[in-house]
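Nothing in this text is a laboratory measurement; each read-out follows from the coordinates by a stated rule. Just so it is clear, the model here is predicted, and its values are computed rather than measured. Positions of Cβ are generated from backbone atoms using ideal geometry, with glycine treated the same way; all protein chains shown enter the neighbour counts.
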Amino acid sequence: MERLLPGSLVLYNAGWAAKTLGGPNGLVERYANFTAKLHNPNARNNVISSLAGTNDIQGGSSAQQVLRLIRQYAAAARQTGFRFVVGTILPRATFTGPMEAARISVNTMVRAGWAEFADGLADGAADPTLGAPGAAANTNVYAQDGIHLTDYCYQVLASAMADAVLRLLR
């Protein structure tokens, strides 16, 4: 993403392996003590981009619970002064049928209502190679574990996210 955005922007990857939005150590709970402190009141633009929710679904959260958590995270970010870009959730090989249905439902709700709680949408799951059910079996896109992504997949996601951020900066 750094290569796709103007050099004047400072990017910080606040993603953690196996991190969830919900729970006692999730992104929502940690927001005030961690992410909020990254806001720079002297910067012209403060943007958070989020590709979250997959671990919540894997942990058993329903589509409605995940959407509520995304909206809470977005609300906290926007209240702090960030603009918020929400990303859709990609498939993963470990999802059961109901988990995949929850993923599709979250993405449908995010696509339909993102403007109510976010400033932009990065719809990586709309890419037919990355986002189709069963895509996690494609080892050109996903690592052998069917969860983590290959460099190719990260490039596609970075492009979608950078496009959404650039739209905010215009």
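Here, P(r) means the percent of Cα pairs in each 5 Å bin from 0 to the largest distance; for region 70-156 it is 3, 15, 23, 19, 17, 14, 7, 2. Ordering Glu100, Glu2 from the fewest to the most neighbouring beta carbons within 10 Å gives Glu2, Glu100. Rounded to the nearest 5, the antiparallel percentage of DSSP beta bridges internal to the chain is 10%.
When each of the peptides 50-60, 25-35 is scored by the mean number of other C-beta atoms lying within 10 Å of its residues, the order from highest to lowest reads 50-60, 25-35. Estimated purely from DSSP H runs of n ≥ 4, each contributing -39500 (n - 2.57), the mean residue ellipticity at 222 nm for the chain is -13000 deg cm²/dmol once divided by its residues.
Using Cβ point charges alone (K and R +1, D and E -1), the dipole size of region 2-169 about the Cα centre works out to roughly 440 debye.
Expressed as a fraction of 2.2 N^0.38 Å, the value expected for a compact globular protein of N residues, the C-alpha radius of gyration of the chain is 0.99.
With the largest listed first and rounded to whole Å, the semi-axes of the equivalent ellipsoid of region 35-100 from the Cα gyration tensor are 28, 11, 8.
Simple point charges give the picture: +1 on the Cβ of Lys and Arg, -1 on the Cβ of Asp and Glu, and for region 66-155 a dipole about the Cα centre of about 320 debye. Panel order for Ser105, Ser62, by other beta carbons found within 10 Å of each beta carbon, from fewest to most: Ser62, Ser105. For region 113-170, the convex hull drawn through the C-alpha positions has a volume of 85 cubic angstrom per residue.
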